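Asker: This is the structure I have questions about; it appears just below.
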Amino acid sequence: MGVHLLKNIPYFSELTIEEMQNLVASSQKQKYPRGSIVLHKDDAGDETYLIMIGRVKVIITHTDGKEIILNILKSGDFFGEMAVFEHMPRSATVVAEEDCEVLIMSRENITNLIKRNPQIAFKLLSDMSRRLREADEQISGLAHLDAQGRVAQTLLKLSKEANMITDEGYQVFPKPPIKDIAAMSGTSHEIVSRLLSELTKRRIIDLTKEYIVIYDRF
């Protein structure tokens, strides 16, 4: 399964099958049950993680103890890749959102691949830059937007990441738990529930059992 997943990831799509097989064979597979900690903020570590099955959330804790979700990552996504370029503590905590299986790749394995395939480094840096920009936007929104603006910003971020558009041009994405939307928006469960209800009544969004549909881009 590891090689099949690597084929569909831009970072590794140009590797030979043999290189992919060697990378998977020299890496460690690890399972994490739902709710377990994969990485702690400030931990030391030089491994990069590839999600094979499941989802994780990347979180930081505010000084008042409130959890803020920076990102929710799914199968095929990476985290911990900054360890390839620096020897610094982990910048956030990663928690299994559901039962997960990850491929843990050492810094040595990744740097050896980069030496043979320099384009991997450019792709990794490009993705890291994108994530940092999105984190900056989220943090800025937490500081300057009201609750409705922060929830709207979160919904648009989730819709952009899902990249699912209907024939009518509507944005569709899997519906996360309200507590996660609240944690990403820096607000409460009650406020998110009320705002989602208001947006539904105004036909800006629609809620199904599994999805959120955005009819109007706010």
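The values are calculated or read from the model by the stated rules, or taken from the named source; none is laboratory data. Everything numeric in this text was worked out from a predicted model, so none of it was measured. Please note: Cβ atoms are built from the backbone with ideal geometry, for glycine as well, and neighbour counts cover all protein chains shown. Just the protein is used for accessible areas: all its heavy atoms, side chains included, with ligands, DNA and RNA removed. Shrake-Rupley method; radii C 1.70, N 1.55, O 1.52, S 1.80 Å.
Asker: Per residue, what accessible area does the chain have, given a 1.4 Å probe and all protein chains present, in Å²?
Answerer: Working: 11780 Å² over 218 residues.
Value returned for the chain: 54 Å² of accessible area per residue.
Asker: Something else now. Assuming 0.36 nm per residue, please report the length gained on full extension of the stretch Glu86 to Ala135 beyond their Cα-Cα distance.
Answerer: Details: separation 49, 0.36 × 49 = 17.64 nm, distance 1.91 nm.
Fully extending the segment from Glu86 to Ala135 adds 15.7 nm.
Asker: A further question follows. Hey, what's the per residue convex hull volume over the C-alpha atoms of the stretch 5-76, in cubic angstrom? List each step's numbers first, then the result.
Answerer: Working: hull volume 7.9 nm³, N = 72.
Here the figure is 110 Å³ per residue.
Asker: Taking 0.36 nm per residue of separation and subtracting the Cα-Cα distance, what length does fully extending Tyr211 through Gln21 add?
Answerer: Numbers: separation 190, 0.36 × 190 = 68.40 nm, distance 3.60 nm.
Taking Tyr211 through Gln21 to full extension adds about 64.8 nm, to one decimal.
Asker: With axes computed from alpha carbons, what is the tilt in degrees of helix 119-144 against the longest principal axis of the chain, rounded to the nearest 10 within 0 to 90?
Answerer: 30 degrees
Asker: If one takes the longest principal axis of the Cα atoms in the chain, at what angle in degrees, from 0 to 90 and to the nearest 10, does the Cα axis of helix 147-162 lie?
Answerer: Value to nearest ten degrees: 40.
Asker: Decide, for the stretch 38-153, between rounded, prolate and oblate: order the square roots of the alpha carbon gyration tensor eigenvalues as a ≥ b ≥ c, take rounded if a/c falls under 1.5, and otherwise choose prolate if a/b is larger than b/c, else oblate.
Answerer: Details: a/c = 1.93, a/b = 1.64, b/c = 1.18.
Because a/c hits 1.5 or more and a/b exceeds b/c, the stretch 38-153 counts as prolate.
Asker: Roughly what angle does helix 189-201 make with the longest principal axis of the chain, taking Cα atoms, 0 to 90 degrees, to the nearest 10?
Answerer: Once rounded, the angle reads 70 degrees.
Asker: Non-local amide H neighbours of Ile53 (under 5 Å, H modeled in plane, Pro and chain starts lacking H): which ones?
Answerer: Those qualifying (amide H under 5 Å, at least 5 residues apart or on another chain) are Glu101.
Asker: Would you mind checking which residues have amide H under 5 Å from Leu39's amide H? H placed 1.01 Å from N; only 5 or more apart, or other chain.
Answerer: Excluding prolines and chain starts, which carry no amide H, the hits are Val94.
Asker: Now for a different question. How long is the gain from Glu161 to Lys29 if the chain were fully straight, where each residue apart is worth 0.36 nm and the alpha carbon distance is subtracted?
Answerer: So the extension gain works out to 44.9 nm.
Asker: Can you give the Rg and Dmax of the stretch 166-218 based on its C-alpha atoms, in angstrom?
Answerer: Answer for the stretch 166-218, Rg first and Dmax second: 11.2, 34 Å.
Asker: As a check on your grasp of the helix formula, calculate [θ] at 222 nm for the chain: sum -39500 (n - 2.57) over DSSP H runs of n ≥ 4, divide by the residue count, round to the nearest 500.
Answerer: Numbers: 7 runs with 88 residues, N = 218.
Calculated mean residue ellipticity at 222 nm is -12500 deg cm²/dmol.
Asker: Also: Could you work out the Rg to Rh ratio of the stretch 61-109, with Rh taken as the Kirkwood radius (inverse of the mean 1/r over all Cα pairs)?
Answerer: Dividing the radius of gyration by the Kirkwood radius yields 0.99.
Asker: Right, something else. Report, in listed order, any pair from Lys7/Lys157; Lys74/Lys179; Lys157/Lys201; Lys57/Lys157; Lys7/Lys123; Lys7/Lys175 with a Cα-Cα distance greater than 20 Å.
Answerer: Numbers: Lys7/Lys157 26 Å; Lys74/Lys179 18 Å; Lys157/Lys201 22 Å; Lys57/Lys157 14 Å; Lys7/Lys123 15 Å; Lys7/Lys175 28 Å.
With Cα atoms farther than 20 Å apart: Lys7/Lys157; Lys157/Lys201; Lys7/Lys175.
Asker: What Rg and what Dmax come out for the stretch 95-218 when only alpha-carbon atoms are used, in angstroms?
Answerer: 17.9, 55
Asker: Calculate the spin-label point distance for Lys123 paired with Glu198, positioning each point 7 Å from the Cα along the beta-carbon direction, and give it in nanometres.
Answerer: Between Glu198 and Lys123, the simple spin-label model gives 4.3 nm.
Asker: Near Lys41, which aspartates and glutamates are there with a Cα under 13 Å away, not counting those fewer than 8 places off in the same chain?
Answerer: Lys41 reaches Glu67.
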